[in-house]
Amino acid sequence: TTSEHFYIEYGSVGGGLSIGSYIAALETSWTTEVEDFGWAAAPVLPSNPPPGNRYHVRVDALGPGLYGYVTNSGAHAGLVGNNPNSGWDDIDAYASCMVLRNDYSGFPSSPQASLDATVAHEYNHSLQFGYGALHGANRPDILMIEGGTTWIEDEVFDGSNDNYNFLWPAFTQNLGNYRSSPYYGWLVFRGLTERYGSGMADGSEQIMQDFWEETSKNTGDNLTALQTA
């Protein structure tokens, strides 16, 4: 099926949700992150774009505990080079595709909250790929990558609160050395940014958007990009 911005392949959907639930979460994430916040939309692969130049999503059976993921491999994914949706040469931007599980029952949050948080999180990964920020020497630490996408769940779906299941357990360790789980870092980014206003354009989200844009432009290392933001 298709929506305004997504081409979605799916079979059965469980957990009390429908494919319409997936479409609503996807379109809300796109509208909030791209249209309202102004992040550069993820590019499509010019040599083999999904139908209608939409973003490719698969809804499928996934292993236990896996909410979803974004990959830069697949029929409609790969190296683009320069993302036409940004205002500079990204050099190593990638088109990607998103895979979502077809049943979100059994997680700590409700199926709807789990779906909403996952889509906001994973679509932000597609924007990271689209900025060309996940390849090369300037690629951020995994905790910055995953902590940032876990952080944005609250910016898009404030009521989902699934990231409450990933609260930072050890403040005595720095971000670069902590390896228990990369998702816990979201709380640090929340602490850094919330003074500017959460869930609103040009507020907290602008700090993280600027970080990824500076990283995309290769204007310095990761800490320089964060300081600039």
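A short reminder: the numbers here are calculations on the coordinates, not readings from a lab. The structure presented is a predicted model; accordingly, all values stated were derived computationally and were not measured. When we count neighbours, we look across all protein chains shown, and the Cβ atoms used for this are built from the backbone with ideal geometry, even at glycine.
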> For Y196 and A137, what does the FRET efficiency come to when R0 = 25 Å and r is the distance between their Cβ atoms, rounded to the nearest 0.05?
Replying inline: 0.25
>> Ignoring everything except DSSP H segments at least 4 long, calculate the 222 nm mean residue ellipticity for the chain; use -39,500 (n - 2.57) per segment, divide by total residues, nearest 500.
In response: -10500 deg cm²/dmol
>> How much length would be gained if the chain were fully extended between S110 and S47, taking 0.36 nm per residue of separation minus their Cα-Cα distance, in nm to one decimal?
In response: 18.8 nm
>> Give me, ordered by chain and number, the residues 5 or more places off S3 or on other chains with an amide H under 5 Å from its own placed amide H.
In response: I8
> How would you rank 171-179, 3-11, 201-209, highest first, on the average number of other Cβ atoms within 10 Å across their residues?
Replying inline: 201-209, 3-11, 171-179
> If you place +1 on the Cβ of every Lys and Arg and -1 on the Cβ of every Asp and Glu, how big does the dipole about the Cα centre of the chain come out, in debye to the nearest 20?
Replying inline: 540 debye
> How big is the chain by Rg and Dmax over its Cα atoms, in Å?
Replying inline: 16.7, 49
> What is the extension gain from E27 to L167, computed as 0.36 nm multiplied by their sequence separation minus the C-alpha to C-alpha distance, in nm to one decimal?
Replying inline: 47.6 nm
>> Whole angstrom only: what separates the Cα centroid of the stretch 87-159 from the Cα centroid of the stretch 169-229?
In response: 14 Å
